[in-house]
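Taking it in order: structure first as structure tokens, then the write-up.
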Amino acid sequence: MNLGQWLGLSSLIISGYILWQIRQVLLLVFTAVVFATALNRLVKWLEQFKIRRNLGIIIVVIAIVILGLLFGWLVVPPFVDQFQKLLALFPTVWERLRTNLIVLSETQSRFDWLPQPPSLRDLLTRLQPLLTDIFTNFFTVFSNSLVIILQLIFVFFLTITMIIQPQNYRRLFLKLFPSFYRKRGEEILTLSEIALGNWLTGVTINCLFIGILSGVGLWLLQVNLVLVHALLAGLLNFIPNVGPATSVIFPLMVALLDNPWKIWAILIWYFIIQNIESYWLTPTVMAKQVSLLPAVTLMAQIFFAQTFGLLGLLLALPLAVVAKTWIEEVLFKDILDPWNSAN
């Protein structure tokens, strides 16, 4: 290797090291890109009605602020109240579960080793180290309350500036590529934006579908704390594999204290909902979405969660969608396919 090649390799290694050190900042930038993509799709929809872009941006931002305030006023207080009641049920649920196990075994000695259920205060005390670790990982990017506010402001203003001047940011990003590849990079960037927008639209519809049907079914079954169960089912559906399995635990806990037959009814209802979502809604709504194999989805979740923490887990799917687009276009189509045909 000549001096130029050594300098190029050294620059590549140094650049990789720098990017790794600022990976949390890059994740915040990607978060802003996700929000900007979602808002930009709404702005483009308004432009179809002959509304100028700047006015469309103002309308979208005001609408989101109003919806956020209404959500915080109408939904958040009852949700917090019901969630606190749900947490208070943990000791009672554990006691009921322990009692049922003893009754079913017909031999108390077989389950004598099960400890007595802790009180709510004891439960919170025991969970405090775990909760501390969770919040520490979650706030790896946000080290304290002041940084939280600054980071949120950073994401917000970066999102707004990306919407106002998207082409400037695209050109800035494309300057990272060699001049001969910038036109192709522009095409791949457009494909990534389309894939990310389709994914956002599809996952939003899926979450609403899961949340509404879960709430309707639990309301018909007369399960308590319907609002918290429905919201958790919808929100946790944002995280594939882990989310749907986790969301069913909470209504099962409440049903255990009410009527045992409701446990089977809830399991059957959630099973029906998930199958409708998997085999009908997802293929219909996400027909244009970048498809990801289940194993790839799971590996992406594990990798990004280990690398970025909880925020990486939440953004694992959009990160995987964008990464898949670039790998397919750059590695497969531009490098491997011509190479194979030439041979």
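At R0 = 51 Å, how high is the FRET efficiency between Leu87 and Leu298 if r is their beta carbon distance? Nearest 0.05 is fine.
0.95
Give me the one-decimal nm value for the distance between modelled label points at Asn224 and Arg23, 7 Å along each residue's Cα-to-Cβ direction.
4.4 nm
Straight-line reach only, C-alpha to C-alpha below 30 angstrom: list the lysines that Lys324 could link to, leaving out same-chain residues fewer than 8 apart.
Cross-link targets: Lys44, Lys175, Lys183, Lys288, Lys333.
Report, please, the projected area of region 144-277 averaged over directions, based on the convex hull of its C-alpha atoms, in nm².
Its average projected convex-hull area is 11.8 nm².
Roughly speaking, what is the stretch gain from Ile335 to Glu187, that is 0.36 nm per residue apart minus the C-alpha to C-alpha distance, in nm to one decimal?
Gain on extension, Ile335 to Glu187, equals 51.7 nm.
Bear in mind these aren't lab numbers, they're just calculated from the coordinates by the rules spelled out. None of these values were measured; they are calculated from a predicted model. Because the Cβ atoms are built from the backbone with ideal geometry, glycine has one as well, and the counts that use them run over all protein chains shown.
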